[in-house]
Amino acid sequence: MTSHDGKHGRNTRLVHAGRHPDENFGILNPPVYHASTITWPSVERMNEAGRRPFDTWTYGRNGTPTTASFEEAVAEMEGGHRAVATPSGLAAIVQALGAFVSAGDHILVADSVYGPTRKYCDRVLRRFGVETTYYDPLIGGGIAELVRDNTRVIFMESPGSSTFEVQDVPAIAAVARERGIATMIDNTWATPLFFRPIEHGVTVSIHAATKYIVGHSDAMMGVAVCDTRETFDTVKTNAQLHGNSAAPDDLYLAQRGLRTMAVRLRQHQESALAVARWLQGRPEVAHVLYPALPEDPGHALWKRDFDGASGLLGVELHPVSADAVAAMADGMSLFPLGASWGGYESLLLPIDLTPYRTVNRWDGRGPLLRLHIGLEDVQDLIADLEAGFDRLVARARAA
Ligand SMILES: *Cc1c(COP(=O)(O)O)cnc(C)c1O
């Protein structure tokens, strides 16, 4: 059975995409090929493979049917032409960005991007003569004013890392298309289930599959979904030249995670919304940053473009000492301090934006917490947060 015919719903396609049991003794899941050398029976077949390196198997580093199975599944869910799997989410960002720029070029990057994306621009691309301008993520079509003759890429992330600004992706993509500029987006928060940027004119949609796609905090994986064959060849060539190779067991875990992602996300969304509403009623909280809330400044755009919200949100506290925040964070029982979200578990992380914003600075605002709402019972999560706020208030009073 193929799920490519467009007749099936998204849940059905998520279950079937990229799997070919008919080619594998009827076994439901794709085999995990461990490979370095790939051999040929003749010079003719070897040369033939060399002429179509991305459509056949040439060398373990360049991928195997295990790679193809995962790439095909994600590309289908995104509505892209083809995808490139990479050993981490950051690798997917770096390979996509690097594929489109040369010395003397200029790129526009949202001020709210994932911190390491920014470090790659500032520390690596700069050394290679590529200049980055950070822009206000809420700029929308106004991005046209920042475009220069040598602008090659506009990079987005929506909602933004830690601050959750929702970008007007169709407006930015339209400006870029008119001028022949590539657009890229870090779509990790929404997953292909809740936002499909390629349908809105974006060139490359990137995921840290490490997060919701893998879904169990046990593997690193990235994927860059490309709109056309030409984009795919450009990104895949760059990834190949840099020696990127996603490992077979991790690819297997990522495709396995995909199969249950829809049900997991439904629960993440329901619980995150319940926790977000509860947080809105807390006296310690100034703002809850979560686009699914009608009060969120990004709500209208989110409602227009997205099909759902995942389980990651921000909490801006009323001004309070770092010591009081630590008293809350240190004593949590269900929210350990941790960075990589998207697994089944809840997490809490105090965020210091100082090194990560040059346009939309956080100056004068209260401490920022990032919460990942996992699959635990929501009343247990709320009770843990309530006890945390009690510790925060007690420490603030004692000072
Ligand atoms: C985690 C994350 C990444 C990086 O993914 P890794 O697999 O950890 O390299 C990129 N973008 C966003 C938004 C992330 O949250």
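The values are calculated or read from the model by the stated rules, or taken from the named source; none is laboratory data. Since the structure is predicted, the reported quantities are computational estimates derived from the model, not experimental observations. With ideal geometry, Cβ positions are generated from the backbone for all residues, glycine too; neighbour counts draw on all protein chains shown. In case anyone asks, the SASA skips ligands and DNA or RNA and just uses the protein heavy atoms, side chains included. Shrake-Rupley method; radii C 1.70, N 1.55, O 1.52, S 1.80 Å.
Over the chain, Cα pairs under 8 Å with separation of 6+ residues give a relative contact order of 16 percent.
Descending by average beta-carbon neighbour count within 10 Å, the peptides 192-199, 253-260, 273-280 line up as 192-199, 253-260, 273-280, the highest first.
Taking the stretch 117-160 and a reference point 7 angstrom along Cα→Cβ of GLU178, the backbone N atoms nearer than 13 Å belong to 141-147. Ranking VAL214, GLY50, ILE198 by Cα position along the charge dipole of the chain, where only Lys, Arg, Asp and Glu carry charges on their C-beta atoms, puts GLY50 farthest toward the positive end.
Greater than 25 Å separation of Cα atoms is the criterion. Which listed pairs, LYS119/LYS303; LYS119/LYS211; LYS7/LYS211, meet it? Intermediate results must be reported in sequence, preceding the final value.
On the way: LYS119/LYS303 31 Å; LYS119/LYS211 20 Å; LYS7/LYS211 29 Å.
Violating the 25 Å Cα-Cα cut-off are LYS119/LYS303; LYS7/LYS211.
Summing Cβ point charges (Lys, Arg +1; Asp, Glu -1) relative to the Cα centre of the chain gives a dipole of roughly 480 debye. Net charge dipole, the stretch 121-211: roughly 360 debye, given to the nearest 20, about the Cα centre with Cβ charges of +1 for Lys and Arg and -1 for Asp and Glu. When the alpha carbon coordinates of the stretch 306-399 are projected onto the principal axes, the ranges are 36, 35, 20 Å, largest first.
Each 10 Å bin from zero holds the following percent of Cα-Cα pairs in the chain: 5, 22, 31, 24, 13, 4, 1, 0.
When you count the other C-beta atoms within 10 angstrom of each residue and take the mean per peptide, 329-337, 64-72, 313-321 line up highest first as 64-72, 313-321, 329-337.
Neighbours of MET328, meaning other residues whose beta-carbon lies under 11 angstrom from its beta-carbon, give a summed charge of -4 when Lys and Arg score +1 and Asp and Glu score -1. Computed from phi, the 3J(HN,Hα) profile of the stretch 331-342 under the Karplus parametrisation 6.51, -1.76, 1.60 (θ = phi - 60°) reads x, 5, 9, 10, 10, x, 6, x, 8, 7, 8, x Hz, with x in place of Gly and Pro.
The residues of the chain expose, per residue, 43 Å² of accessible area to a 1.4 Å probe. Listed by chain and number, the aspartates and glutamates whose C-alpha is less than 18 Å from the C-alpha of LYS236, apart from same-chain residues fewer than 8 away, are ASP55, GLU71, GLU72, GLU76, GLU78, ASP186, ASP227.
Among residues other than GLY79 with Cβ under 10 Å from its Cβ, the summed charge is -3 (Lys and Arg +1, Asp and Glu -1).
Counting DSSP beta bridges with both partners in the chain, what percentage is antiparallel, nearest 5? Of those bridges, close to 55 percent are antiparallel.
Answer rounded, prolate or oblate for the stretch 116-217, using the Cα gyration tensor with square roots of eigenvalues a ≥ b ≥ c: rounded when a/c is under 1.5, else prolate when a/b is larger than b/c, else oblate. Oblate.
In terms of its C-alpha gyration tensor, the stretch 11-126 comes out oblate, because a/c is 1.5 or above while a/b does not outweigh b/c.
In the stretch 262-399, if the dipole is taken from +1 on Lys/Arg beta carbons and -1 on Asp/Glu beta carbons about the Cα centre, which of GLN267, LEU279, LEU317 is farthest to the positive end? Of GLN267, LEU279, LEU317, it is LEU317. Here the relative contact order of the stretch 95-167, from alpha carbon pairs under 8 Å that lie six or more residues apart, stands at 43 percent. Considering only VAL225, TYR344, HIS34, and ranking their Cα positions along the charge dipole of the chain that arises from unit charges at the beta-carbon of Lys, Arg, Asp and Glu, the one farthest toward the positive end is HIS34. The portion of the accessible surface of the chain made up by carbon and sulfur, rounded to a whole percent, is 53 (1.4 Å probe; DNA, RNA and ligands excluded).
A helix-only calculation puts the chain at -11000 deg cm²/dmol for mean residue ellipticity at 222 nm, using -39500 (n - 2.57) for each DSSP H run of at least four residues, averaged over all residues.
Axis angle, to the nearest 10 degrees, between helix 229-241 and the longest C-alpha principal axis of the chain: 80 degrees.
For the stretch 141-153, 3J(HN,Hα) computed residue by residue from phi via the Karplus equation (6.51, -1.76, 1.60; θ = phi - 60°) reads x, x, 4, 3, 6, 9, 6, 10, 4, 9, 6, 10, 9 Hz, glycine and proline entered as x.
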